[in-house]
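**Student:** Here it is, the structure in full.
The values are calculated or read from the model by the stated rules, or taken from the named source; none is laboratory data. Note that the structure is predicted; figures quoted are calculated from it, not measured. A quick note on method: Cβ atoms are made from the backbone with ideal geometry, for glycine too, and the neighbour counts reach across all protein chains shown.
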Amino acid sequence: MANQVVTMTSARRMRNKPTCTPNRSGFTLLEIMVTLAIISVLLGSAVLFIANNDNKAMEQIAQQTQVLAKETLRKAKQEERPYSIILTNREIWVQPENSNLELDLQDASRRTQTIAIPDGVSVSILEQPDDGWFTLKKNSAPFIWTFTQSGLCDNLEIQFEDDNAIETMAFHPLTAGEILDEE
């Protein structure tokens, strides 16, 4: 028994086991559920993004109107002459009154600052709470908001509205600044 080499062989036969499942068609329920969850998250994010952009456009119009009112009041006091902000359903602009305290609404060269109102946005005015809101229509007369040389303007609320948002601002007659609600 001196140097015998013993080799062992397995008595078990090696079978070729498949490394993957046999050919199958379709997806599992889990794969479909994960895909639908990912798609719904992406669609929800897109809807929120679009809604926020619409609100930002309305906020921008409101901010521009607020700045326009303060600038117009400052200009009327500084130059000691009345100025007016003219509001229509398509645009808002500033115009000085002439020496007869009249406005020439047809003379576009006298307009000093203009804000364009986008399509689909309606402009409404509230002068007196008892009167109710007045919406500026396509063929309605423009609304004239006067700022006197003594530093006063009409107490006014302006509302911008589209399908997705409403921006309402109330202006103080002494400062032409926005009056914030304490709700």
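**Student:** Looking at the range 128-140 only, could you name the residues that are in a loop (DSSP other than H, G, I, E, B) and touching a Phe, Trp or Tyr at 6+ places or on another chain (Cβ under 8 Å)? Give the steps one after another, and end with the answer.
**Tutor:** Our first condition is that a residue be in a loop (DSSP other than H, G, I, E, B); within the range 128-140, this holds for 128-133, 136-140.
The answer is LEU136, and nothing else.
**Student:** Suppose we filter GLY151, GLY120 for residues that are assigned to a loop (DSSP other than H, G, I, E, B) and surrounded by 14 or more Cβ atoms within 10 Å (Cβ to Cβ); which single one remains?
**Tutor:** None of the other options fit; the residue is GLY151.
**Student:** Is it the case that LEU126 is surrounded by 11 or more Cβ atoms within 10 Å (Cβ to Cβ) and either modelled with pLDDT of 85 or more or not hydroxyl-bearing (Ser, Thr, Tyr) (or both)?
**Tutor:** So LEU126 passes the test.
**Student:** Being assigned to a helix (DSSP H, G or I), surrounded by 11 or more Cβ atoms within 10 Å (Cβ to Cβ) and at pLDDT below 90 narrows it down to one residue among ASN98, ASN55; which is it?
**Tutor:** When all the criteria are applied, what remains is ASN55.
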